[in-house]
Each structure stands twice: as C-alpha cells, then as structure tokens.
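*Asks:* One structure, as structure tokens, below. Some questions next.
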Amino acid sequence: MPKILSFSSFGSGTGKDTAVDYVCERYGFIRFAWASILRQVVAKNFPDAPGHYRDGSLVYVAPDKNWEDASGFTQALIDYHDHEGVTERGKDVLKKLSQQDPDIVVLATRLVSQFNALRELDATMVLIRGVHRRGVRELDECLLHHKFDVKVDNDGTVEDFHKKLDEIVVKRSCSDLQL
C-alpha cells in the first residue's frame, strides 16, 4: 500500500516546500499540490495559459508567477469559489495514483474537505511549525481544529529538519511520533 504524507502549516515560509522537495528527492515520492488542481481548473478560462497548466494529467503545476500576475490569473485564483469541486478532482487524482502504488507527498492541505479526503486514503497528516519568514496569513480554520498525526518543529538547521523528515518517512505508523 502506498504511503501518503501531507504537509501543512500556519503560514508561508515554515518549510512545507523544503519538506516536499526533500522527500521527493531523497525517497522518490510523487509531489501532489491542491493548488495545482486549482490552477488546472481555473486555466480552462484562460486560453493563453501555459500548456502545463491545462494538462490535467499533471500532479504538480509549477507556477509561472509573472504570467499569473500579468494575465489576471492570480486574481482568478483568489476569486475561485468551488473549492469542493477542486477537492473532489484532487481526491480522484490521488485515488488513481494510489492504485499505481507510488508514495505521494501532498503540499499545503488546508481545507476541511481536503483533510477528509486524505483521511479516507489513510494519509499521515504532518503539521510543520516554524518561523513565518514571509508574514503570517490568517490562520486557516481547519488547521486549528484538525488533529495531526505528527508535529514537526522546523526551528534548527536544514540538516536537523531533514533528520526529522527522515524519521517520518521511515516510520510506517507515525501516530506516536512527536518531533
């Protein structure tokens, strides 16, 4: 059975992307981002969107921030309101991936529906706590109410953080792991 890890935090700059990059590079996990699914859905209304935004087979869409800002795409992402639809589409992608038996790392789970979808797939939910280097956003309500399987403090060196991530990946059952 594949292993699914989901990384969340209370803001930007805490180490989510660093954690995902590390787990993908070191352990060969496939990267999944809820924001990529949102980008693919919203891109349908932008004929000039880069091709990789429209390719529904991709699990991760690397954002082109310059194009997004210049085209109005950033505002369209902010204004998009069918997050349940995005969650359902993402859940379908994750189920199909799980059937192929890869290990998956999920970036930035924030919505209640996303947590619930991942719980159905027996994902390990990881909260990364760290210094907010780019300002604190309003805390997502669901992050305050969901129980995480693992809480990781990213308060030391990158090497220390990597060691903590190694422990999470190596353990099949993380319920007793507190880092």
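*Asks:* Identify all residues within region 114-135 that are farther than 22 Å from Lys164 by Cβ and at pLDDT below 85; write none if there are none.
*Replies:* Once the filter is applied, which keeps residues that are farther than 22 Å from Lys164 by Cβ and at pLDDT below 85, region 114-135 yields only Gly135.
*Asks:* Further question on the same structure: Taking the options Leu165, Leu144, Leu97, name whichever one is touching a strand residue (DSSP E or B) at 6+ places or on another chain (Cβ under 8 Å) and modelled with pLDDT under 90.
*Replies:* Leu97
*Asks:* Please indicate, with yes or no, whether at least one residue in region 30-51 is assigned to a helix (DSSP H, G or I), among the aromatic types (Phe, Trp, Tyr) and in contact with an Asp or Glu (Cβ under 8 Å, 6 or more places away or on another chain).
*Replies:* So far as region 30-51 goes, no, none of its residues is assigned to a helix (DSSP H, G or I), among the aromatic types (Phe, Trp, Tyr) and in contact with an Asp or Glu (Cβ under 8 Å, 6 or more places away or on another chain).
*Asks:* Report yes if some residue within region 41-61 is at pLDDT 85 or above, closer than 23 Å to Ile128 by Cα, buried (at least 17 other Cβ atoms within 10 Å of the Cβ) and small (Gly, Ala, Ser); otherwise report no.
*Replies:* no
*Asks:* Tell me which of these Phe29 doesn't satisfy, since it passes every other one: (1) surrounded by 20 or more Cβ atoms within 10 Å (Cβ to Cβ); (2) over 30 Å from Lys171 (Cα atoms); (3) of a type outside the set (Val, Ile, Thr).
*Replies:* (2)
The values are calculated or read from the model by the stated rules, or taken from the named source; none is laboratory data. What you are looking at is a predicted structure, and each value in this text was computed from that prediction instead of being measured. Note that each Cβ is placed from the backbone with ideal geometry, even for glycine, and that neighbours are counted across all protein chains shown.
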